[in-house]
Amino acid sequence: MDADPSSRPGDAGYLDELRQAALTLLYRLLFILYAEDRGLLPVTDSRYDDYSLREIRLDIARRIDEGDAFSSTASRYFTHVRDLCTAIARGDRSTGIPAYDGGLFEAEGQPLLHRLTLPDAAFAPLLDRLSRRQDGPNRVWINYRDLSVQHLGSVYERLLEFDVASDGGSLKVRPSVFARRITASYYTHDDLVKLIIERSVGPLVAERRQAFRDKVQALASHPRPRRTRLAELEKSDAAESILGLKVCDPAMGSGHFLVSLVDYLADQVLEAMAEAESAVPWAAKSAPYSSPLVRRLEETRARLLASAVERGWTVPPERLDDRHLVRRLVLKRVVYGVDKNPLAVELAKVSLWLHTFTVGAPLSFLDHHLRCGDSLFGEWLSDVDAQLRQVGALFLGKELAKLAGASSVFRKIAEIDDADIAEVETSKTLFAQALETLEPLRALLDFWQAYRWLADDDKDRGGMTFLLGGAYGNLIDVVERGDIEEAGGAPGGAVQVVKRLLRRTRATARLERFLHWELAFPGVWGDLDPAASPGGFDAVIGNPPWD
């Protein structure tokens, strides 16, 4: 790892960072290859062509075919790609590249990629293998234009079969034969995916469209002025109502179900918009009913085009059709997903970003709806609160009030269009603030769930008595801090038992990645008011049981 001056081949944390950095580089390259082949980046703009990935792919292919040598010290190609990623993240007026970053290209997320350099001798053949495939005696270009993002599912499965390991101070990629079974990652045929979505989500869409028709009929003969009735009808608009659905895949893998869900719901929203005008015969012919979503799309399109003109970006207006813009709304507001494997979460983001790519609009912020965790193991706040009350330890009233605030923030994030980088940054900031607010609760629920994983006869379980008794202070403060100080009211031997308990439960929570649904998606569950609706998802989709 001469390319990285701070490499630590024997360190497990470094190996994980290296693997994530390698995968992020692969995702970035796949994204750019797909975007350039589909004309989603300004490949026809003379300002961009010299800085494109296509330019260096052609150069590398020519040199390989001619038997030319590549430097083992110079890193011209890797530096070119890194600079291109920065331009895609921030935008570059001089080359016509709009700012797209939604997390994939940000430098802060992968510092290793921005401190190492890969020499041409290593990077050039890698990029060529991503660009061309062997076809008999010849190498032919891979057609990324016709790549379906669902194909990334097979890429994901293959990546799971390998791991990074240290071998005598050097790094090797080794097979991990049980990875797919351990992570429960399996690819479902597209026909079955569509059938599951139609059967589970279709009835919900039909209900909302019928509710709009019923409202039209109910208001048809109402004595109030027509303008008042039309304003009331907008509150039941079918297209807007469909965008209010909350649909989750609790084991999303590479996002195959979610990509298909975006397509299905985008079609349903567009149909509802088209049907709306003819569905209201009592509206004036000179001012027919129009879904409020029509105006929202027109405003978003105008903002994107004005921003492109102001910044000198290449944004063809035909690329901003209703379908592209509706897909983004479905993605930001309707789609939820969970996976225990961080690799799956990141690849699902890439799949969804590629599928909803809109020229001139940044990649949507998705961290609030795509979460990493084990959807089968976690705690519910009402249960933990009741159990704490039984032992007289503490009440969660103050912390639950914070959850209500986080719920409001998450709902606000979902309503932000992410039509420019400033809005994406607002989404990121609000999300980070909400996570910080919920951190004490998350630490408590992690601790509570991890404690259950200890055997009944485990000696460290005895430390719970001292924690619940308040010997070391408020339980939430202690588990969030993860350590204790000596306490006068507790036996001397208790300190080590409690410390071991805290250390072991924290390690278990980190390893198992418990998912506490109310904290992962506070905007879905209401405000925990017993008198209010408990909230929840409208539908849950995903793979049928494998075995």
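Only a single item in (1) open to solvent by 30 Å² or more (accessible area, probe 1.4 Å); (2) in contact with a helix residue (DSSP H, G or I) (Cβ under 7 Å, 6 or more places away or on another chain) is not met by R90, and it is number (2).
Test R442 against the stated conditions and say whether it is of a type in the set (K, R) and surrounded by fewer than 14 Cβ atoms within 10 Å (Cβ to Cβ).
Numbers: of a type in the set (K, R): yes; surrounded by fewer than 14 Cβ atoms within 10 Å (Cβ to Cβ): no.
Criteria not met by R442.
Here A443 clears all of (1) small (G, A, S); (2) modelled with pLDDT of 90 or more; (3) within 30 Å of L293 (Cβ to Cβ); (4) touching a helix residue (DSSP H, G or I) at 6+ places or on another chain (Cβ under 8 Å) except the condition numbered (3). Would you confirm whether any residue within the stretch 88-102 is part of a loop (DSSP other than H, G, I, E, B), over 25 Å from the mean Cα position of the chain (by Cα) and touching a residue at least 24 places away in the same chain (Cβ under 8 Å)? Taking every residue of the stretch 88-102 in turn, at least one turns out to be part of a loop (DSSP other than H, G, I, E, B), over 25 Å from the mean Cα position of the chain (by Cα) and touching a residue at least 24 places away in the same chain (Cβ under 8 Å). Residues of the stretch 272-299 that are crowded, with 20+ Cβ neighbours inside 10 Å and among the polar types (S, T, N, Q): S291 alone. Does the stretch 380-398 contain any residue that is open to solvent by less than 30 Å² (accessible area, probe 1.4 Å) and among the β-branched types (V, I, T)? Taking every residue of the stretch 380-398 in turn, at least one turns out to be open to solvent by less than 30 Å² (accessible area, probe 1.4 Å) and among the β-branched types (V, I, T). Of all residues in the stretch 24-35, none are surrounded by fewer than 19 Cβ atoms within 10 Å (Cβ to Cβ), touching a helix residue (DSSP H, G or I) at 6+ places or on another chain (Cβ under 9 Å) and of a type in the set (K, R). Filtering the stretch 55-71 to residues that are open to solvent by 90 Å² or more (accessible area, probe 1.4 Å) and either assigned to a helix (DSSP H, G or I) or hydroxyl-bearing (S, T, Y) (or both) leaves L58, R62, D65.
Contact annotation: residue pairs with Cβ atoms under 6 Å, 6 or more positions apart or on different chains, pairing a residue in the stretch 190-206 that is in contact (Cβ under 8 Å) with a residue 60 or more places away in the chain with a partner that is open to solvent by 40 Å² or more (accessible area, probe 1.4 Å) and in a helix (DSSP H, G or I), are I197/Y264.
Please return the ranges of helices (runs of 4 or more DSSP H) entirely within the stretch 121-240 where 2 or more residues are modelled with pLDDT under 95 and acidic (D, E).
On the way: elements: 152-160, 179-183, 190-220, 226-234.
Result: 190-220, 226-234.
Being assigned to a loop (DSSP other than H, G, I, E, B), over 17 Å from the mean Cα position of the chain (by Cα), aliphatic (A, V, I, L, M) and surrounded by fewer than 17 Cβ atoms within 10 Å (Cβ to Cβ): is that true of A306 here?
Working: assigned to a loop (DSSP other than H, G, I, E, B): no; over 17 Å from the mean Cα position of the chain (by Cα): yes; aliphatic (A, V, I, L, M): yes; surrounded by fewer than 17 Cβ atoms within 10 Å (Cβ to Cβ): yes.
Answer is no for this residue.
On the stretch given as the stretch 40-54, residues that are more than 28 Å from the chain's Cα centre (by Cα) and either open to solvent by less than 30 Å² (accessible area, probe 1.4 Å) or at pLDDT 95 or above (or both) total 2.
For V424, the conditions (1) at pLDDT 90 or above; (2) more than 20 Å from T508 (Cα to Cα); (3) surrounded by 19 or more Cβ atoms within 10 Å (Cβ to Cβ); (4) among the hydrophobic types (A, V, I, L, M, F, W, C) all hold with the exception of (1).
The values are calculated or read from the model by the stated rules, or taken from the named source; none is laboratory data. Just so we're clear, the structure is a prediction, and the values are computed from it rather than from any experiment. Cβ: placed from backbone, ideal geometry, glycine included. Neighbour counts: every protein chain shown. With ligands, DNA and RNA removed, areas are computed over all heavy atoms of the protein, side chains included. Shrake-Rupley method; radii C 1.70, N 1.55, O 1.52, S 1.80 Å.
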